[in-house]
Amino acid sequence: MKVTVLFFATLKDRAQRNRLEVDLPTDASLGDLKTRLAADLPGLAPALPTALASINHEFAFPANPLHDGDEVGFFPPVSGGAADRPTSVSVTTAELDLNALVRSITLPTTGATCAFFGVVRGETRRETDPTLAPAASAGVGPHQTLRLEYEAYAPMAEAKMQQVAGEIRARWPAVEGIAIVQRIGPLEPGTPTVLIACSAAHRDTGVFEAARYGIDRLKEIVPVWKKEIGPGGEVWVEGHYTPTSQDAAPPVRRGAR
């Protein structure tokens, strides 16, 4: 299939063009298109992780499928936003690159970054994990984990990550940059699965608390699930938090600035 790609503002400068026709496999997603563009246009690659995207004039996310004739746009946050306070959120199958993610939220004024990594455990002690439902932890002792398989409702997950970032900024205004990344797919013990990073001018401006809030909130409202696979079989691990109407993001007003 063939899709039309449009570049705007700084993305246009990096791509050195404002329009491109791209041939893709029939089952390609927006994430596949971004991977292709990063390989074909090296100057564009550094900006793609934080670029916004649209498909046929609607905001889109890496997991969204593409169809023949689609018009895809890539652009930075719109004018009037907090362009000096970068936010990077994504659901990905790729290995998490801490250095690249920290660079994406580092400004000339940044003097401190706090990052939290979640890692696949090789041995799980469910009875001591407060994030799990009682039914999932009752009577289960330590056991070996061969791998975890993560699944996400990617478009909703990335939208809720943006919501978490907004909540962080509301609570800790001094936070400069925020990165929230969830890896999905089969992952072996010792593999990083999720990253929350916050940057600020100084370490005493709330970056520690903000990063902690970010991972706790992600566990509550971001639709990501994991299946534990071990010598004795496999089981989906469920949490116990039930979102309420207070967890819904405010509605977006079309055309509002």
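Just so it is clear, none of the values below were taken in a lab; they were calculated from the coordinates. Computed from a predicted structure; not experimentally measured.
Structural remarks
- In plain terms, the bigger the Kirkwood radius, the slower the diffusion; for the chain, with that radius from Cα pairs, at 10 °C and 1.306 mPa s, Stokes-Einstein puts D at 80 µm²/s.
- Across the stretch 143-257, the fraction of Cα-Cα pairs farther apart than 21 Å, rounded to a whole number, is 47%.
- Candidates Phe75, Phe59, Phe117, ranked by Gaussian network fluctuation over the chain, Cα under 10 Å, top entry: Phe59
- For the stretch 2-75, the equivalent ellipsoid derived from the Cα gyration tensor has semi-axes of 17, 12, 12 Å, listed largest first.
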